[in-house]
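First the structure, in the form of structure tokens, and then the observations on it.
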Amino acid sequence: MKQAPKPVSYLRAWLTSQTNVMAVLGGGLAAAIASFPTGAAGAIGALVVLGAAEALAALVIPDLPSFRSKVDREARRTAIDQRRQQLKAELGLLLGGEDSMFGTAMWQKYLTITDRATVLYKIAGEAQSQLSYDDAERVDKASVDYLALWLADITMKERIRNGQEATLDRRLREAERSMADIDENDPRYRHLKMARDDYLAVKQRHERLVARRMSIEAALVSLPDQVEEIYQMVVASPYSSVLGSKLGESLSRLQLEEDIELELTENDLDSDYFKTGAAGAQVRAAKQAAKQAAKQAGQ
């Protein structure tokens, strides 16, 4: 689950901005120069002026819409890059190192998306461009989505491989046959039914995981094509007044985070019966029977 983003401090952003830091340094230098002909009084006067200017700027600039928009963009860009680095690190671990990751076709497709995003950022910064910065940013986010999809695909593939659907089916049939061989009033029947139900639940989760992976695979194929479509559309007519309306539908298809579930919890294939087989089911049933017997003895 995503953590809520930290609130942006526009005042801090202004105080630590390069423009303000240079202004403070320049004011300090001016105070030092003013001290030569007039002594300390000149330096103090210059510092008073600097302080007043800083206070006024701190009251006005952080509330300017243009300044806030710039700060928000930088914060989003930082968040995108942080997520990108995290996903790259996780992929590197799964694929046996960055060298192995860099040599894959998936990595080359990812690089193409990032290259397209870089060009679109530049076009968005041109004065006459009809491409907004936010639209270019959505393409950049798509490159991070691609890494997340890639990571999800690798993880799901491994878990599906461990699923061994044929084994699940066999154990489910064994449990059902065992249930059919004994009377419903037999104490073992309840434990076998619990085992059967758990096997069935694991099988259903396994089937959902397979379906989810099919969605992931389809998105991995379509995302680079969608980005290329947007890129070609923008490059062909970056100053066209109808560019925005043309991009709307294409950009909407990039909202992968809302359309595809990427929450890869450990609860998809974590059944005790699946991990330990029939022996595990028997152990669990024995523990439950012992617990029930102890409870009855206590009564």
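The values are calculated or read from the model by the stated rules, or taken from the named source; none is laboratory data. Given the structure is predicted, the values throughout are model-derived calculations rather than measurements. Glycine also receives a Cβ, built like all others from the backbone with ideal geometry; neighbour counts cover every protein chain displayed.
Suppose the filter is at pLDDT below 90, surrounded by fewer than 16 Cβ atoms within 10 Å (Cβ to Cβ) and out of contact with any helix residue (DSSP H, G or I) (no Cβ under 9 Å at 6 or more places or on another chain); does Leu94 pass it? Considered against the rule, which asks whether it is at pLDDT below 90, surrounded by fewer than 16 Cβ atoms within 10 Å (Cβ to Cβ) and out of contact with any helix residue (DSSP H, G or I) (no Cβ under 9 Å at 6 or more places or on another chain), Leu94 comes out as no.
Sort out which residues of region 203-251 are polar (S, T, N, Q), modelled with pLDDT of 80 or more and either outside the structural domain of Leu120 (by TED's automatic domain parsing) or under 19 Å from Asp115 (Cβ atoms) (or both), and write them in order of number.
Applying the first criterion (polar (S, T, N, Q)) to region 203-251 yields 204, 215, 222, 226, 232, 237, 240-241, 245, 250.
From what's left, modelled with pLDDT of 80 or more: 215, 222, 226, 232, 237, 240.
Of everything in region 203-251, those that are polar (S, T, N, Q), modelled with pLDDT of 80 or more and either outside the structural domain of Leu120 (by TED's automatic domain parsing) or under 19 Å from Asp115 (Cβ atoms) (or both) turn out to be Ser222, Gln226, Gln232.
Give just the number: which of (1) over 26 Å from the mean Cα position of the chain (by Cα); (2) surrounded by fewer than 18 Cβ atoms within 10 Å (Cβ to Cβ); (3) polar (S, T, N, Q) does Ser132 not satisfy? Here Ser132 meets the rest and fails (1). Within region 148-155, is even one residue crowded, with 17+ Cβ neighbours inside 10 Å and either without any contact (Cβ under 8 Å) to a residue 60 or more places away in the chain or not in a helix (DSSP H, G or I) (or both)? No, region 148-155 has no match at all.
In this structure, does Glu126 turn out to be assigned to a loop (DSSP other than H, G, I, E, B) and not polar (S, T, N, Q)?
Values: assigned to a loop (DSSP other than H, G, I, E, B): yes; not polar (S, T, N, Q): yes.
It is true that Glu126 is assigned to a loop (DSSP other than H, G, I, E, B) and not polar (S, T, N, Q).
Selection of region 66-91 for residues being modelled with pLDDT under 80 and either exposed (fewer than 14 other Cβ atoms within 10 Å of the Cβ) or closer than 23 Å to Val221 by Cα (or both) yields Ser66, Ser69, Asp72. You will find that of Ala124, Ala105, Ala117, Ala79, the residue that is over 27 Å from Met156 (Cβ atoms) and of a type in the set (A, V, I, L, M, F, W, C) is Ala124 and no other. Residues that are of a type in the set (A, V, I, L, M, F, W, C) and not in a helix (DSSP H, G or I) within region 210-249 comprise just one, Val242.
How many of the residues making up region 98-110 are under 18 Å from the mean Cα position of the chain (by Cα) and of a type outside the set (Ser, Thr, Tyr)? Outline the logic, then answer.
Step one: list which residues in region 98-110 are under 18 Å from the mean Cα position of the chain (by Cα), which gives 106-107, 110.
Going one step further and asking which of them are of a type outside the set (Ser, Thr, Tyr), we end up with 106-107.
So the count comes out to 2.
Before we move on, is Leu47 farther than 26 Å from Arg138 by Cβ, of a type in the set (A, V, I, L, M), at pLDDT below 75 and surrounded by 14 or more Cβ atoms within 10 Å (Cβ to Cβ)?
Numbers: farther than 26 Å from Arg138 by Cβ: yes; of a type in the set (A, V, I, L, M): yes; at pLDDT below 75: yes; surrounded by 14 or more Cβ atoms within 10 Å (Cβ to Cβ): yes.
The answer is yes for Leu47.
Being part of a helix (DSSP H, G or I) and either surrounded by fewer than 18 Cβ atoms within 10 Å (Cβ to Cβ) or outside the structural domain of Glu228 (by TED's automatic domain parsing) (or both) is the requirement here; does Glu54 meet it? Yes. Reported count of residues in region 185-202, each being surrounded by fewer than 18 Cβ atoms within 10 Å (Cβ to Cβ) and out of contact with any Lys or Arg (no Cβ under 9 Å at 6 or more places or on another chain), is 10.
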